[in-house]
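Trainee: This is the structure I want to talk about, given as structure tokens.
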Amino acid sequence: MYLITHNYDKMKRVCFILPFFGEEPTWIDFFFKSAAFNVNYDWIIFSDISFRSKLPYNVRIIPITLDDFNKLLSNRLQFDTNICHPYKICDFKPAFGYIFSEWIKDYMYWGYCDLDIVLGDLDSFLAEPIAFGYDIISPDTSFFPGHFCLCKNQESVTGLFSSAPNYIDVFKSSKCFCFDEFIVPGGIVLTEKKIRKKIIRKVRKNRFRYQLKQNNFFLKLHTYFSLNKKKIPAKLERSVDFNHIIDYYVQSGMLQTFKKQIYDSDTRRYRLGHTNWIITWRNGKLVNNEGKEIMYFHFPLSKHNGSLCYNDHSTEKKDTFSISGNF
């Protein structure tokens, strides 16, 4: 049974905008269960799926087709968008605060996350940075990922995306440019095969980079170039992404951001040379292979290779489950 009581004394903390189109995921019950325990967080899911599962009180489904969702974005942005594949929606994530402003007006923060995650106790990791009032909060030390990011609900932050010289071209194109993370200048023509290849190629590249960073000579070169590169660009270049924009305004002293490694993923496990992974969720808390508590676990690789395995341990006395995968 999902928790059904609110505990808000003032303005709500966070609302996640999550568009998802296609088929109902096999792990959706576990996502909903982990979301239900986070009483200070809401999710609005735009979807064409008639979910069979009982929804937690803090998850709201907006029934909509992909075509109508495309029209919704076009009307709000006041130019035609061209979403031919759901993956293209990733490009629009940095603009969700502006596009869906009417839905999030009662929240301190808005955010976006993916559906291929299991959540732990968000407040254990986010209560402090939210209370401090950081403009943008990342669960990663190195960048602001597309699978989870929080932004302060104020105009100076929700409008950041529009400072990118290329954002209109990106939004109008049917290609995916990965504007939410690391820009692909030429864009990607989206098919399921190309998406899988992109994910695998990206993970292998990250694994190679991780191995390089274990080499002392490489570390010295990396440190040298990091110290000598230009700190603040004179202007934003033509092809930029949301991470470029954030870095630019942070270096200019106009944004305060929080970055800390508080999640785990199967892509990280693969990068470290592991062959499998397992997570255990118990009464709102989530732990990884090492028994370390994490804020959430992301499993894009295992989702695509079909290796996800679920074990529901729920009884009247305890509420727990585990999910595992391999490469």
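The values are calculated or read from the model by the stated rules, or taken from the named source; none is laboratory data. All figures in this text were calculated on a predicted structure; none of them were measured in a lab. Cβ: placed from backbone, ideal geometry, glycine included. Neighbour counts: every protein chain shown.
Trainee: Would you pick out the residues in segment 30-56 that are in contact (Cβ under 8 Å) with a residue 40 or more places away in the chain and acidic (Asp, Glu)?
Mentor: Listed by number, the list holds a single entry, ASP42.
Trainee: When you scan segment 277-284, do you find a residue that is part of a strand (DSSP E or B), in contact (Cβ under 8 Å) with a residue 40 or more places away in the chain, small (Gly, Ala, Ser) and farther than 22 Å from ILE136 by Cβ, even just one?
Mentor: no
Trainee: Can you give me the number of residues within segment 145-159 that are of a type in the set (S, T, N, Q) and either surrounded by 19 or more Cβ atoms within 10 Å (Cβ to Cβ) or touching a Cys at 6+ places or on another chain (Cβ under 7 Å) (or both)?
Mentor: Looking only at that region, the number is 2.
Trainee: Looking at ILE61, is it within 17 Å of the chain's Cα centre (by Cα), of a type in the set (Val, Ile, Thr) and within 30 Å of THR280 (Cβ to Cβ)?
Mentor: The answer is no for ILE61.
Trainee: Shifting gears a bit: Keeping to segment 91-110, report how many residues are more than 17 Å from ILE168 (Cβ to Cβ) and of a type outside the set (S, T, N, Q).
Mentor: Within segment 91-110, residues that are more than 17 Å from ILE168 (Cβ to Cβ) and of a type outside the set (S, T, N, Q) number 11.
Trainee: Does ILE262 satisfy the criteria of being assigned to a loop (DSSP other than H, G, I, E, B), within 28 Å of ILE137 (Cα to Cα), β-branched (Val, Ile, Thr) and in contact with a Phe, Trp or Tyr (Cβ under 8 Å, 6 or more places away or on another chain)? Can you show your working first?
Mentor: Working: assigned to a loop (DSSP other than H, G, I, E, B): yes; within 28 Å of ILE137 (Cα to Cα): yes; β-branched (Val, Ile, Thr): yes; in contact with a Phe, Trp or Tyr (Cβ under 8 Å, 6 or more places away or on another chain): yes.
Yes: the conditions hold for ILE262.
Trainee: Sticking with this one: For ASP80, state whether it is out of contact with any Lys or Arg (no Cβ under 8 Å at 6 or more places or on another chain), among the acidic types (Asp, Glu) and closer than 22 Å to GLY187 by Cα.
Mentor: It is false that ASP80 is out of contact with any Lys or Arg (no Cβ under 8 Å at 6 or more places or on another chain), among the acidic types (Asp, Glu) and closer than 22 Å to GLY187 by Cα.
Trainee: Further, regarding this structure: With SER162, SER101, SER53, SER142 as the choices, which residue is closer than 25 Å to ASP247 by Cα, surrounded by fewer than 20 Cβ atoms within 10 Å (Cβ to Cβ) and modelled with pLDDT under 95?
Mentor: Of the residues listed, the single one that is closer than 25 Å to ASP247 by Cα, surrounded by fewer than 20 Cβ atoms within 10 Å (Cβ to Cβ) and modelled with pLDDT under 95 is SER142.
Trainee: So which pairs qualify, if the first residue must be in segment 298-312 and without any contact (Cβ under 8 Å) to a residue 40 or more places away in the chain and in a loop (DSSP other than H, G, I, E, B), the second must be crowded, with 16+ Cβ neighbours inside 10 Å and among the small types (Gly, Ala, Ser), the Cβ gap must be under 6 Å, and the two must be at least 6 apart or on different chains?
Mentor: SER307/GLY325
Trainee: Then there is this: Of all residues being touching a residue at least 24 places away in the same chain (Cβ under 8 Å) and crowded, with 20+ Cβ neighbours inside 10 Å in segment 250-268, which is farthest from SER163 (Cα to Cα)? Just the residue, please.
Mentor: Restricting to residues being touching a residue at least 24 places away in the same chain (Cβ under 8 Å) and crowded, with 20+ Cβ neighbours inside 10 Å, the top hit is ASP266.
Trainee: Now a separate question. Going through ARG209, ARG204 one at a time, which residue ends up being at pLDDT 55 or above, over 21 Å from HIS85 (Cβ atoms) and in a helix (DSSP H, G or I)?
Mentor: Unique residue meeting the criteria: ARG204.
Trainee: Now for a different question. Is one or more of the residues making up segment 279-296 within 19 Å of the chain's Cα centre (by Cα), modelled with pLDDT under 95, buried (at least 18 other Cβ atoms within 10 Å of the Cβ) and under 30 Å from TYR87 (Cα atoms)?
Mentor: Looking for residues that are within 19 Å of the chain's Cα centre (by Cα), modelled with pLDDT under 95, buried (at least 18 other Cβ atoms within 10 Å of the Cβ) and under 30 Å from TYR87 (Cα atoms), one finds none in segment 279-296, hence no.
Trainee: For PHE31, indicate whether it is modelled with pLDDT of 95 or more, within 26 Å of LYS88 (Cβ to Cβ) and not basic (Lys, Arg).
Mentor: Yes: the conditions hold for PHE31.
Trainee: Going through segment 23-70 one residue at a time, which ones are of a type outside the set (A, V, I, L, M) and in a strand (DSSP E or B)?
Mentor: Residues satisfying the conditions are TYR41, ASP42, TRP43, PHE46, SER47, ARG60, PRO63.
Trainee: So, one more: If a residue must be surrounded by 14 or more Cβ atoms within 10 Å (Cβ to Cβ) and either at pLDDT 90 or above or touching a Cys at 6+ places or on another chain (Cβ under 6 Å) (or both), how many such residues does segment 302-318 contain?
Mentor: 4
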